[in-house]
1. For the range 69-98, which residues satisfy the criterion of being surrounded by fewer than 21 Cβ atoms within 10 Å (Cβ to Cβ) and of a type in the set (F, W, Y)?
2. Kindly indicate the residue of the range 253-282 that is farther than 20 Å from S394 by Cα, among the hydrophobic types (A, V, I, L, M, F, W, C) and surrounded by fewer than 23 Cβ atoms within 10 Å (Cβ to Cβ) and also nearest to the chain's Cα centre (by Cα) among those meeting that condition.
3. Counting only residues that are at pLDDT 95 or above and farther than 30 Å from W421 by Cβ, give me the helices (runs of 4 or more DSSP H) lying completely in the range 209-316 with at least 2 of them.
4. Got a sec? Which of T120, T114, T151 is out of contact with any Pro (no Cβ under 8 Å at 6 or more places or on another chain) and buried (at least 24 other Cβ atoms within 10 Å of the Cβ)?
5. Inspect the range 232-242 for any residue being more than 30 Å from T177 (Cβ to Cβ), free of Cβ contacts under 8 Å to residues at least 60 places away in the same chain and open to solvent by 50 Å² or more (accessible area, probe 1.4 Å) and give the result as yes or no.
6. In the range 329-353, how many residues are without any contact (Cβ under 8 Å) to a residue 40 or more places away in the chain and open to solvent by 20 Å² or more (accessible area, probe 1.4 Å)?
7. Just to check your reading of the model, which residue among E145, E164, E180 is charged (D, E, K, R), under 28 Å from G389 (Cβ atoms) and crowded, with 18+ Cβ neighbours inside 10 Å?
8. Looking at K137, is it open to solvent by 40 Å² or more (accessible area, probe 1.4 Å) and under 21 Å from the mean Cα position of the chain (by Cα)?
Amino acid sequence: MTVTRRDFLAAATATASTVVLMPYLFSSEQPVRRKGANERLNIGAIGTSQYRAGVWDRSEPFDGRGATIARHAAQFGEMVAVADAYRPFAEKFASYFPQRCRVCRDYQELLADTTIDAVTIGTPDHWHVKIAIEALKAGKHVYVEKPLSLTMDETRQIVKVAKETGKIVQVGSQQRTENETFRKAAAICRSGRLGNKFSVICSCPSNESVGKKGVFTDRKPFKPEHIPEGLDWNLWLGQAPLEHYFLERCFYNFRWWKDYSGGEITNWGGHNVDFAVWAINVFDVAPVEISGTGKFPGIPGWYDTAEEFDVDFKYADGHTLKLCSGINEVIISGERGRIRVNRGSLTGRPVEQMMPKDEEEIAEIMNSLMNGKKPGNHMRNFFDSIEDGMLPVSDVFSTASGINMCHMANICLLTGRTLRWNQEKFEFENDREATAMIARKPREGFDINV
């Protein structure tokens, strides 16, 4: 049975204590009220990377995404433990919280700590679901970075466990909360101003290696390197096949290997497709047809995710969505108008023609999309949801469809065929090869137990 966000919300509402939801019609960041020691939750951070000097023209090492979200979480609770397959990362992160944050041997030691209430997961993508499921079963609330999963079957697994445990899961799709342009665009779509039949283009940048100049120009196979001291390489690989270590296989660049991620299709597609299905309100249905073309490097021993892609999705009710490489933006068209949105701007005639009364209506819809919670801080939304027992804005149920569409896109490109999807059977119709790609067999010792 497919569990929708609406199903879960209805169940959660029936069992949760009564709460009063106050409207918030603003998006500016508000000060964080620091609760007393007895009120604050204990937090554990799993995956806390540091990026190297020279990346994106930074002259000094700086926090990667995992460390960043964990430090955001520390504004709302007590950071008491950290685990990372590369111990120097964990030790660096613990130094931000002297004498409070202990370094664990591995994530399982952290999850065994019954005093920890919530965890952040900022590992490479192929570890997200396994750790999240084990955390949920250990009684923790979970904030997990996007993309949520490595495969469609992993998405189904975490949805199942989240429903069974009733714990809060927030996915790091922060465009829903922290970018007013996207929230306003979603509200315009929900208002009917564009019409009722949507055609969406989700455009994403192309793969880009960071850290070594000329990698994408030279296109030379990578050579094995010495495993850095403090890196548990076997643990880092996890469910993925056993491979030699070299710098380009991990840290930021794991994104361009299909054993660990899905390239920009799941990296920026994980943001833009997630927003699109949320905006046009199709997060609890799936497309029925997927077709497209892509370009893969085809260099043995080099990055292997699609560098260019153009994939079309068709829904049974006539909506269409295109996921393609290009500039970073989302264009949504309907019978009555079209808008274009990215993190810096929202344009289109339906925006330019709005009168003050229209702005008021859109503001009300923007508020409703937040379920009464304050916008502007994705992590605060997570902790507010733990407190009130209601679903966060990027709950695991409403984000499942978008990330699975990204996985469908990669499967379509790898098979080179137009695919038909049967949501009820959770398989591609009359295509054994494509259906086999819904799941992956993990390396021995790294199974996901649901």
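1. Passing the criteria: Y96, F97.
2. Across the range 253-282, the extreme among qualifying residues is F254.
3. Fully inside the range 209-316 and qualifying: 233-237.
4. T120
5. Yes, some residue in the range 232-242 is more than 30 Å from T177 (Cβ to Cβ), free of Cβ contacts under 8 Å to residues at least 60 places away in the same chain and open to solvent by 50 Å² or more (accessible area, probe 1.4 Å).
6. Qualifying residue count, the range 329-353: 5.
7. E145
8. yes
The values are calculated or read from the model by the stated rules, or taken from the named source; none is laboratory data. Keep in mind the model is a prediction, meaning the values are calculated, not measured. Glycine also receives a Cβ, built like all others from the backbone with ideal geometry; neighbour counts cover every protein chain displayed. Keep in mind that these areas ignore ligands, DNA and RNA; they rest on the heavy atoms of the full protein, side chains included. Shrake-Rupley method; radii C 1.70, N 1.55, O 1.52, S 1.80 Å.
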